[in-house]
Amino acid sequence: MTIRSEAVGANLGVSAIVPRQPADERGERPLLVFLHGRDGSDSTFIGNKSMLEGLAKLGARAPIVAFPDGGDHSYWHDRAAGDWGRYVMREVIPTVSRRFGVDPDRVAIGGISMGGFGAYDLALLHPNRFCAVGGHSAALWFASSETAPGAFDNAADFARNDVMEMARKPDAFEDMRVWNDYGHSDPFRAYNEGFVNALRSTDANLSPHTWPGGHTGSYWTRHWPAYLRFYANSLAACG
């Protein structure tokens, strides 16, 4: 589908996978919003065999999965080039919910690399909206001077969306289940380790994982089934 986004000022695609299994008695299903990485699009994961097989194996627990287009380096937050966070929260989720019938109390968000940053950022800024959040090789940094070119407008933009700082608060993620994984040779390993250590000092419901591999498509493809089981289990326990 295409969303004429007022938040971003552009027409943006959203791909969705809707399970064949019938919805509940209210005609509703859980929803997973999954955010792509840098230079991706709404079609990045469509056709990924590992993702599709993992989703099929969930059977009746499979959620609707929405893949919005976040541009090539939006990093999914409100900034000078557009309100990308508002686009997800006020346009993508409501549009998918109306079209396919989503249980408003069973929504999760996750993403890979840039999308992992975006998922954490949105979950921290909207702590009562999601049942679960997942970052898969999330693009995280300790300071604005370390960030990738184009990730933020300036130091003030980074400070407004400082995931590391927000995550240190004791109740930052409220009742959400939190997933984090990264590869042993991932360039973001140190930052994700810092994120995990910060959450371990709080009451967060954290599922941390580290496996062989790097910041590559083959790494994420191997772990799609595990990602989807986490989201399905979290959504089933929510609400």
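The values are calculated or read from the model by the stated rules, or taken from the named source; none is laboratory data. All values reported here derive from a predicted model rather than from experimental measurement. Backbone-built Cβ (ideal geometry, glycine too); neighbour counts: all protein chains shown.
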Being in contact with a His (Cβ under 8 Å, 6 or more places away or on another chain), of a type outside the set (Ser, Thr, Tyr) and closer than 20 Å to Ile3 by Cβ, is that true of even one residue in segment 17-26? no
Among the residues of segment 18-48, which ones are closer than 24 Å to Trp220 by Cβ and surrounded by fewer than 18 Cβ atoms within 10 Å (Cβ to Cβ)? Val18, Asp39, Ser41, Ser43, Ile46, Gly47, Asn48
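To keep it simple, each residue is scored yes or no on (1) in contact with a strand residue (DSSP E or B) (Cβ under 8 Å, 6 or more places away or on another chain); (2) polar (S, T, N, Q); (3) in a helix (DSSP H, G or I).
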{"position": "Gly111", "(1), (2), (3)": "yes, no, no"}
{"position": "Leu122", "(1), (2), (3)": "yes, no, yes"}
{"position": "Val133", "(1), (2), (3)": "yes, no, no"}
{"position": "Pro149", "(1), (2), (3)": "no, no, no"}
{"position": "Met166", "(1), (2), (3)": "no, no, yes"}
{"position": "Ala172", "(1), (2), (3)": "no, no, no"}
Between Gly27, Gly40, Gly70, which is assigned to a loop (DSSP other than H, G, I, E, B) and at pLDDT below 95? Gly27
Condition first: within 24 Å of Gly82 (Cβ to Cβ) and exposed (fewer than 13 other Cβ atoms within 10 Å of the Cβ). Now tell me which residues in segment 156-197 satisfy that. Ala156, Ala159
Residue in segment 2-17 that is surrounded by the most Cβ atoms within 10 Å (Cβ to Cβ), counting only those that are on the phi < 0 side of the Ramachandran plot and part of a loop (DSSP other than H, G, I, E, B): Val8
Unmet requirement for Val65, which otherwise passes all of (1) closer than 20 Å to Leu12 by Cα; (2) part of a helix (DSSP H, G or I): (2)
Within the set of pairs 6+ apart or on separate chains, which have a first residue in segment 159-186 that is closer than 17 Å to Arg129 by Cβ, a second that is polar (S, T, N, Q) and surrounded by 23 or more Cβ atoms within 10 Å (Cβ to Cβ), and C-beta atoms under 6 Å apart? Arg177/Ser234
Go through segment 200-226 and give me each residue that's under 16 Å from the mean Cα position of the chain (by Cα), touching a residue at least 40 places away in the same chain (Cβ under 8 Å) and outside any helix (DSSP H, G or I). none
Selection count, segment 132-159, where residues are touching a Lys or Arg at 6+ places or on another chain (Cβ under 6 Å) and not small (Gly, Ala, Ser): 2
